[in-house]
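Accompanying notes for the structure given below.
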């Protein structure tokens, strides 16, 4: 009896389970018509303890100064600025009619309050950019409100490039009532942007709603949900399943998946050069690559165009340290000459071969085709007498090895914190610069030091730009670090969404709208 | 019974103490400076050595290691696992927030594993050497061999991307739990299939089963009551141990399916060298293993008269 009954019961149970499973998910009409569901690889709202609460790419808060189309500074919450003759005092005028999400009008006192908080909490950690008054505003002596819409900033030395330094995160403005005694946010962030944050479930999703009293062009859609999906394959699957209609943030769609999605008529790709550059950092000091000729040989031996192909064309080759999106960037000719590279290397190595250790960070592998890139470099350097061993390290180990100098080459990126390159120049091109120490670069050249000092002392912006150009040329010759490519951020969105484009930093979520 | 539980609890104490020591030591010997890491979260920041030194002081990392350990242990005993070096948020609160999600996932996986593995394994044992038995053994082997991440991606491809029966990722409804629970349950389901098949075979060969059949008891009663009674103890032991193991397995599943559970938190903590998070996770996992093994032992103690007798003798 048991022999005959049990199989039937099991079959019935299995069928019942299948029927239950087979019922398709009822499409949420509300989500399709009103909510625009996007996804990002990380939580774009780290929350109350973060320096900014949310990333700038969500358009909740706004900076005083924003990136312009050429990467230079343009006023966002400001209507204008004026520099004193000695470049130590700046007067800023706020845009009139700006309203906070809580209904208050933006005033100069609010801006002063924001800066007082920056001073209080510096350095404040953030996964976007650290908030640090001494790095963003070195030599700031005072900031004062002059009237409802005017405030001044005074410095102990000339700051002719101050607006460049204030771009984006550096001049994020928040409502002073939004902070507790420790300088942390006391509630959901209050900004002035076209979207307001209405809810946030950490590491899961956040919800934005259009701020109807926004001073500028209103957001293109009423409600946006941004889900956190860390895995790139899952993000691509969510797009194909039409659970989400777009992606955002750095590394939102790795080149391989982006190229695959591009073959699907339902999706559109949009790419824009970012402020991030790719480098082959060189361990300097007394290391084997301290000889400039070897660094030059490596640079000439590398076929950057071939590496770009690994990125499916979503990067541009460069020989310049400074990112192409910086307004002070100059063109530096690319040289790929394997024969000349071999001759130059032979001057140093003679008939010997040299073992080289190339380290790559695990976090980079998740975002870029670093493994293939490292193997390609290994292949390209073999003919000039360099035998490269590749080592993959996780973030912490990678940082420790880099700082110790126990490596020869490393794949690295650099993002520009603002539009004035003097900070990164000094970080890399002086022996005690922060990035020089962090990467054990150890580069030092009296000519470079003199140029850096001259740049800092120069009050005229055009003349300073000329010095910046000289610095770039010298760096391209001496190669304290070997530039490879300017990065491009790729976003993918459904064709039902219009007006969503990638910019230097983030996408135009504010203008994204439903096609119909 | 109470004495047995008490004795097991006393034995668990040094295990947990050892876990705290290992958790703390792992954080210390692992390469990487968490103070520097905290200041360089974006990967683009360039803190000075003075700023890193100040951060080390702020985080208490400049104190002697024994002092750090005792301080950490003291806080742990009060339920305070410290503050994340990266997010500045309480680790205990994060665990509390994420634990229900991971437990729901683990429980779903456990239920699925039992529903799939136990009946099929028992049926395979009952109808040993039949076609179904042979096919079942192949399936069990396949389930044990398939990597979890691959299975996860395949299930997403089929059930979410192509058929659109289930969501690809995230939380929200019971449907969100099906695919991750299925992935997480496969190994255990396969193990249960093999184990329950073996215990069924062994039980059916027992003299008490022959006696039961000779007494004219219904076949279903013979199998479900007499045969399974003897098989309960090894099955409970395996299932109890599995619940601890599932936490480790949930790490990959939570990342792929975008489930903000403890596994995902641990991965982030490990990548960032976020000591308090790593230490909290190791200790938490150890505690779960201890608790569930203890629960399994107690359950075996209850269902197995021989164990009870042994305990009295001891």
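Rule-based calculations on the coordinates, nothing more; no lab input. Here the structure is a predicted model, which means the values were calculated and not measured. Glycine also receives a Cβ, built like all others from the backbone with ideal geometry; neighbour counts cover every protein chain displayed.
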Using alpha carbon centroids, what distance separates the stretch B:227-296 and the stretch A:95-124, in Å? 45
Using a Förster distance of 41 Å, how high is the FRET efficiency between residue A:316 and residue A:460, based on the Cβ-Cβ distance and rounded to 0.05? 0.85
Here the FRET efficiency for residue B:215 versus residue B:73, based on Cβ atoms and R0 = 56 Å and rounded to 0.05, is 0.40
In degrees, nearest 10, the alpha-carbon axis of helix B:131-145 is tilted away from the dominant principal axis of the alpha carbons of chain B by 10
Cα long-axis angle, helix B:49-59 against chain B (0 to 90 degrees, to the nearest 10): 50
For chain A, what is the mean residue ellipticity at 222 nm derived from helices alone (per DSSP H run of n ≥ 4: -39500 (n - 2.57); sum divided by total residues; nearest 500 deg cm²/dmol)? -9500 deg cm²/dmol
Over the stretch B:132-180, calculate the relative contact order: mean separation of alpha carbon pairs under 8 Å at least 6 apart, over the residue count, as a percent. 24
Exposure-ranked with fewest Cβ neighbours within 10 Å first, A:64, B:73, B:59 stand as B:73, B:59, A:64
Of all DSSP beta bridges located in chain A, what percent are antiparallel, nearest 5? 75
Pair residue A:389, residue A:262: separation of 7 Å Cα→Cβ label points (nm): 3.8
Could you work out the relative contact order of chain B? I mean the mean sequence separation of Cα pairs under 8 Å and 6+ apart, divided by the number of residues, in percent. 26
Counting only other chains, what is the mean number of Cβ atoms within 10 angstrom of the Cβ of each residue in peptide B:160-173? 6
Specify the residue with the greatest mean-square fluctuation among B:32, B:263, B:136, computed from a Gaussian network of chain B linking alpha-carbon atoms under 10 Å apart. B:32
Estimate the FRET efficiency between residue B:141 and residue B:201 by the formula 1/(1 + (r/R0)^6), using the beta-carbon distance for r and 30 Å for R0, to the nearest 0.05. 0.95
Relative contact order in percent for chain A (Cα pairs under 8 Å, 6+ apart) equals 19
Distance in nm between pseudo-label sites at residue A:478 and residue A:335 (7 Å out along the Cβ direction from Cα): 1.6
What helix-only [θ] at 222 nm does chain B give? Using -39500 (n - 2.57) per DSSP H run of at least 4, over all residues, to the nearest 500, the answer is -25000 deg cm²/dmol
Can you give me the C-alpha center-to-center distance between the stretch A:321-399 and the stretch A:473-509, rounded to a whole angstrom? 21
For the stretch B:99-153 and the stretch B:199-225, what is the centre-to-centre distance using only Cα atoms, to the nearest Å? 25
I want to verify a result. In a Gaussian network model of chain B, Cα cutoff 10 Å, which of these has the top mean-square fluctuation: B:77, B:65, B:192? B:77
Exposure proxy ranking, count of Cβ atoms within 10 Å, fewest first, for A:354, A:485: A:354, A:485
